[in-house]
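Starting off with a structure, shown below.
The values are calculated or read from the model by the stated rules, or taken from the named source; none is laboratory data. Please read these numbers as outputs of a predicted model, since none were measured by experiment. No Cβ is skipped: glycine too gets one built from the backbone with ideal geometry, and neighbour counts run over all protein chains shown. Heads up: the accessible areas ignore ligands, DNA and RNA and are worked out on the full protein's heavy atoms, side chains in. Shrake-Rupley method; radii C 1.70, N 1.55, O 1.52, S 1.80 Å.
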Amino acid sequence: ILNVEQSPQSLHVQEGDSTNFTCSFPSSNFYALHWYRWETAKSPEALFVMTLNGDEKKKGRISATLNTKEGYSYLYIKGSQPEDSATYLCAFFTFGGSQGNLIFGKGTKLSVKP
Amino acid sequence: DTAVSQTPKYLVTQMGNDKSIKCEQNLGHDTMYWYKQDSKKFLKIMFSYNNKELIINETVPNRFSPKSPDKAHLNLHINSLELGDSAVYFCASTPNRDRGHGYTFGSGTRLTVV
(Lines give C-alpha, C1' and ligand atoms only; values in the text may rest on other atoms or scores of the structure.)
Protein backbone atom coordinates (compact mmCIF):
# COMPACT_ATOMS: atom_id res chain seq x y z
CA ILE A 1 0.00 0.00 0.00
CA LEU A 2 1.43 3.36 -1.04
CA ASN A 3 1.11 6.09 1.58
CA VAL A 4 1.56 9.80 1.14
CA GLU A 5 1.88 11.62 4.45
CA GLN A 6 1.53 15.34 4.91
CA SER A 7 2.37 17.41 7.96
CA PRO A 8 1.18 19.34 9.75
CA GLN A 9 -2.49 18.50 9.33
CA SER A 10 -3.40 22.16 9.91
CA LEU A 11 -1.57 25.40 10.37
CA HIS A 12 -2.63 28.83 11.58
CA VAL A 13 -0.36 31.77 10.78
CA GLN A 14 -0.54 35.54 10.81
CA GLU A 15 -0.52 37.59 7.64
CA GLY A 16 3.08 38.21 6.62
CA ASP A 17 4.46 35.03 8.20
CA SER A 18 6.38 32.61 6.03
CA THR A 19 5.53 28.96 6.40
CA ASN A 20 6.27 25.52 5.03
CA PHE A 21 4.71 22.06 4.97
CA THR A 22 6.07 18.59 4.34
CA CYS A 23 5.00 15.77 2.07
CA SER A 24 6.52 12.30 2.53
CA PHE A 25 6.16 9.63 -0.13
CA PRO A 26 7.67 6.27 -1.11
CA SER A 27 11.19 6.69 -2.47
CA SER A 28 10.89 3.69 -4.80
CA ASN A 29 9.12 3.67 -8.18
CA PHE A 30 9.07 7.46 -8.24
CA TYR A 31 7.71 9.18 -11.33
CA ALA A 32 6.37 12.56 -10.22
CA LEU A 33 5.16 14.57 -7.27
CA HIS A 34 2.25 16.98 -7.63
CA TRP A 35 1.15 19.85 -5.38
CA TYR A 36 -2.42 21.16 -5.46
CA ARG A 37 -4.15 24.08 -3.81
CA TRP A 38 -7.75 23.44 -2.72
CA GLU A 39 -9.88 26.33 -1.59
CA THR A 40 -13.10 25.65 0.28
CA ALA A 41 -16.08 25.03 -2.04
CA LYS A 42 -13.82 24.92 -5.06
CA SER A 43 -11.91 22.18 -6.87
CA PRO A 44 -8.21 21.31 -6.43
CA GLU A 45 -5.95 23.40 -8.63
CA ALA A 46 -2.52 22.22 -9.77
CA LEU A 47 0.41 24.24 -8.42
CA PHE A 48 3.47 22.21 -9.35
CA VAL A 49 4.46 18.96 -10.98
CA MET A 50 7.99 17.87 -10.15
CA THR A 51 9.77 14.91 -11.68
CA LEU A 52 13.51 15.21 -10.97
CA ASN A 53 15.44 14.85 -7.73
CA GLY A 54 16.50 18.31 -6.63
CA ASP A 55 13.72 20.04 -8.58
CA GLU A 56 12.72 23.44 -7.30
CA LYS A 57 9.61 25.16 -8.62
CA LYS A 58 8.31 28.64 -7.90
CA LYS A 59 5.05 30.45 -8.56
CA GLY A 60 4.90 33.91 -7.04
CA ARG A 61 5.35 33.58 -3.29
CA ILE A 62 4.95 29.81 -3.34
CA SER A 63 7.82 27.44 -4.00
CA ALA A 64 8.48 23.72 -3.67
CA THR A 65 11.49 21.43 -3.44
CA LEU A 66 11.84 17.73 -4.11
CA ASN A 67 14.08 15.00 -2.69
CA THR A 68 13.23 11.70 -4.37
CA LYS A 69 16.03 9.73 -2.72
CA GLU A 70 14.71 10.31 0.78
CA GLY A 71 11.10 10.68 -0.29
CA TYR A 72 10.03 14.17 0.74
CA SER A 73 8.94 17.48 -0.71
CA TYR A 74 8.56 20.85 0.97
CA LEU A 75 6.10 23.58 0.02
CA TYR A 76 7.04 27.09 1.11
CA ILE A 77 4.86 30.18 1.25
CA LYS A 78 6.66 33.48 1.73
CA GLY A 79 4.78 36.34 3.37
CA SER A 80 1.45 34.53 3.73
CA GLN A 81 -1.69 36.42 2.77
CA PRO A 82 -5.31 35.70 3.77
CA GLU A 83 -6.01 34.57 0.19
CA ASP A 84 -3.44 31.79 0.67
CA SER A 85 -5.88 30.12 3.08
CA ALA A 86 -6.63 26.72 1.55
CA THR A 87 -5.81 23.05 1.86
CA TYR A 88 -2.56 22.11 0.14
CA LEU A 89 -2.47 18.59 -1.23
CA CYS A 90 0.50 16.65 -2.43
CA ALA A 91 0.11 13.61 -4.64
CA PHE A 92 2.55 10.89 -5.63
CA PHE A 93 2.35 9.74 -9.23
CA THR A 94 3.32 6.14 -9.79
CA PHE A 95 3.09 3.47 -12.43
CA GLY A 96 2.56 -0.03 -11.26
CA GLY A 97 -0.44 -2.17 -10.60
CA SER A 98 -2.52 0.96 -10.99
CA GLN A 99 -0.95 1.76 -14.38
CA GLY A 100 -0.41 5.43 -13.71
CA ASN A 101 -2.21 7.00 -10.83
CA LEU A 102 -2.05 9.89 -8.37
CA ILE A 103 -2.05 8.88 -4.71
CA PHE A 104 -3.10 11.87 -2.62
CA GLY A 105 -2.13 12.85 0.89
CA LYS A 106 -4.74 14.20 3.33
CA GLY A 107 -3.50 17.73 2.90
CA THR A 108 -2.34 20.57 5.11
CA LYS A 109 -5.04 23.10 5.90
CA LEU A 110 -3.58 26.59 6.08
CA SER A 111 -5.42 29.49 7.70
CA VAL A 112 -3.90 32.95 7.41
CA LYS A 113 -5.26 35.57 9.79
CA PRO A 114 -5.21 39.22 8.74
CA ASP B 1 -16.14 28.42 -19.99
CA THR B 2 -15.73 25.65 -17.44
CA ALA B 3 -12.89 23.27 -18.36
CA VAL B 4 -14.19 20.23 -16.44
CA SER B 5 -17.87 20.35 -15.60
CA GLN B 6 -19.84 17.93 -13.47
CA THR B 7 -23.58 17.63 -13.10
CA PRO B 8 -25.39 17.65 -10.85
CA LYS B 9 -23.55 19.62 -8.17
CA TYR B 10 -25.77 18.15 -5.44
CA LEU B 11 -27.71 14.88 -5.48
CA VAL B 12 -29.94 13.63 -2.68
CA THR B 13 -31.51 10.24 -3.22
CA GLN B 14 -32.93 7.26 -1.37
CA MET B 15 -31.20 3.97 -0.71
CA GLY B 16 -31.68 1.45 -3.46
CA ASN B 17 -32.04 4.01 -6.24
CA ASP B 18 -29.90 4.13 -9.38
CA LYS B 19 -28.28 7.44 -10.26
CA SER B 20 -25.75 8.91 -12.69
CA ILE B 21 -23.24 11.73 -12.43
CA LYS B 22 -22.01 13.32 -15.63
CA CYS B 23 -18.61 14.78 -16.42
CA GLU B 24 -17.48 16.65 -19.50
CA GLN B 25 -14.16 18.29 -20.34
CA ASN B 26 -13.51 20.72 -23.18
CA LEU B 27 -9.71 20.65 -22.88
CA GLY B 28 -9.08 17.97 -25.49
CA HIS B 29 -7.54 15.73 -22.83
CA ASP B 30 -7.17 12.02 -23.46
CA THR B 31 -7.41 10.81 -19.86
CA MET B 32 -10.24 11.28 -17.37
CA TYR B 33 -10.70 10.13 -13.78
CA TRP B 34 -13.28 9.71 -11.07
CA TYR B 35 -12.16 10.33 -7.49
CA LYS B 36 -14.14 9.87 -4.30
CA GLN B 37 -13.53 12.10 -1.30
CA ASP B 38 -14.14 9.84 1.64
CA SER B 39 -15.24 10.71 5.16
CA LYS B 40 -11.62 11.34 6.17
CA LYS B 41 -11.28 13.83 3.32
CA PHE B 42 -8.94 11.60 1.30
CA LEU B 43 -9.22 11.77 -2.49
CA LYS B 44 -9.27 8.15 -3.65
CA ILE B 45 -9.07 7.05 -7.27
CA MET B 46 -12.06 5.10 -8.54
CA PHE B 47 -11.69 4.90 -12.29
CA SER B 48 -9.52 6.18 -15.08
CA TYR B 49 -10.28 6.24 -18.78
CA ASN B 50 -7.59 6.86 -21.35
CA ASN B 51 -9.06 7.72 -24.74
CA LYS B 52 -12.23 5.76 -23.88
CA GLU B 53 -10.46 2.69 -22.50
CA LEU B 54 -10.73 1.80 -18.83
CA ILE B 55 -7.22 1.54 -17.46
CA ILE B 56 -7.67 1.30 -13.71
CA ASN B 57 -10.43 0.23 -11.35
CA GLU B 58 -9.42 0.51 -7.72
CA THR B 59 -11.42 -2.01 -5.68
CA VAL B 60 -14.66 -0.23 -6.39
CA PRO B 61 -17.89 -2.21 -5.95
CA ASN B 62 -19.38 -3.33 -9.23
CA ARG B 63 -22.46 -1.24 -8.44
CA PHE B 64 -20.35 1.61 -9.79
CA SER B 65 -19.89 1.62 -13.55
CA PRO B 66 -18.09 4.28 -15.58
CA LYS B 67 -19.31 5.01 -19.06
CA SER B 68 -17.37 6.99 -21.62
CA PRO B 69 -19.28 7.69 -24.86
CA ASP B 70 -16.32 9.69 -26.16
CA LYS B 71 -13.05 11.01 -24.79
CA ALA B 72 -14.62 14.28 -23.65
CA HIS B 73 -17.15 12.57 -21.38
CA LEU B 74 -16.85 10.19 -18.45
CA ASN B 75 -20.08 9.46 -16.62
CA LEU B 76 -20.47 7.51 -13.39
CA HIS B 77 -23.50 5.30 -12.93
CA ILE B 78 -24.31 3.89 -9.51
CA ASN B 79 -26.80 1.08 -8.98
CA SER B 80 -28.60 0.21 -5.74
CA LEU B 81 -27.26 3.15 -3.79
CA GLU B 82 -26.20 2.54 -0.20
CA LEU B 83 -25.78 4.93 2.72
CA GLY B 84 -22.01 4.46 2.54
CA ASP B 85 -21.96 5.86 -0.98
CA SER B 86 -22.59 9.32 0.44
CA ALA B 87 -19.51 11.37 -0.44
CA VAL B 88 -18.22 14.04 -2.78
CA TYR B 89 -17.24 12.68 -6.19
CA PHE B 90 -14.72 14.55 -8.32
CA CYS B 91 -14.06 14.20 -12.00
CA ALA B 92 -10.62 15.15 -13.34
CA SER B 93 -8.77 15.13 -16.62
CA THR B 94 -5.19 15.30 -17.83
CA PRO B 95 -3.72 15.55 -21.35
CA ASN B 96 -2.50 11.95 -21.25
CA ARG B 97 -1.15 9.35 -18.84
CA ASP B 98 2.30 10.92 -18.78
CA ARG B 99 3.54 11.82 -15.32
CA GLY B 100 4.31 15.42 -16.09
CA HIS B 101 0.82 16.88 -16.35
CA GLY B 102 -1.24 18.34 -13.56
CA TYR B 103 -4.84 17.23 -13.25
CA THR B 104 -7.76 19.58 -13.89
CA PHE B 105 -10.62 18.87 -11.51
CA GLY B 106 -14.32 19.50 -11.73
CA SER B 107 -16.13 21.21 -8.88
CA GLY B 108 -17.44 17.99 -7.39
CA THR B 109 -20.81 16.32 -6.91
CA ARG B 110 -22.02 15.94 -3.35
CA LEU B 111 -24.06 12.73 -3.17
CA THR B 112 -26.24 12.16 -0.13
CA VAL B 113 -28.01 8.83 0.23
CA VAL B 114 -30.86 8.82 2.75
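In the neighborhood of B:N17, defined by Cβ-to-Cβ distances under 15 Å, what is the net charge if each Lys or Arg adds +1 and each Asp or Glu adds -1?
After counting each charged neighbour, the total is -1.
Just add up the charged neighbours of B:E53: K/R +1, D/E -1, any other residue whose Cβ is under 14 Å from the Cβ of B:E53.
+2
Give me the accessible area per residue for chain A, probe 1.4 Å, as a whole number in Å².
That works out to 49 Å² for each residue.
Can you list the residues of segment A:66-98 whose accessible area drops by at least 10 Å² going from the chain on its own to the full set of protein chains, with a 1.4 Å probe?
Residues losing area: A:F93, A:F95, A:S98.
Mind listing which trypsin sites (Lys or Arg not before Pro) in segment B:30-114 are in a DSSP loop and have 10 or fewer other Cβ atoms within 10 Å?
B:K40
Among the listed pairs B:K22/B:K52; A:K69/A:K109; B:K19/B:K71, which are separated by more than 24 Å between their Cα atoms?
Correct reply: A:K69/A:K109.
OK, next. Are there residues in segment B:73-114 whose accessible area shrinks by at least 40 Å² when all protein chains are included rather than the chain by itself, and which are they (probe 1.4 Å, ligands and nucleic acids not counted)?
B:R97, B:R99, B:Y103, B:F105
Rounded to a whole number, what is D in µm²/s for chain B from Stokes-Einstein with the Kirkwood radius over alpha-carbon pairs (25 °C, 0.890 mPa s)?
In µm²/s, the coefficient rounds to 175.
Counting only protein chains, not ligands or nucleic acids, how are A:T22, B:T13 ordered by accessible area (probe 1.4 Å), most first?
Result of the area sort, largest leading: A:T22, B:T13.
So what are the radius of gyration and Dmax for the Cα set of the protein assembly as shown, in Å?
Cα-based Rg and Dmax for the protein assembly as shown come out at 17.7, 52 Å.
Right, next: Over chain A, what relative contact order in percent results from Cα pairs under 8 Å that are six or more residues apart?
Relative contact order for chain A comes out at 37 percent.
While we're looking at this one, here's another question. For A:L110, what charge total do you get from the other residues with a beta carbon under 15 Å from its beta carbon, if Lys and Arg give +1 and Asp and Glu give -1?
+2
In the protein assembly as shown, what percent of the accessible surface is made up of carbon and sulfur (1.4 Å probe, ligands and nucleic acids excluded)?
Summing carbon and sulfur atoms, their accessible area is 46 percent of the total for the protein assembly as shown.
Loop only by DSSP, 15 or fewer other Cβ within 10 Å of the Cβ. Give me the GluC sites (Glu not before Pro) in segment B:18-114 that pass, ordered by residue number.
B:E58, B:E82
Per-residue accessible area for A:E45 at 1.4 Å probe radius, Å² rounded to 10?
110
Using a 1.4 Å probe, what is the accessible area per residue for chain B, in Å²?
Dividing the accessible area of chain B by its residue count gives 49 Å².
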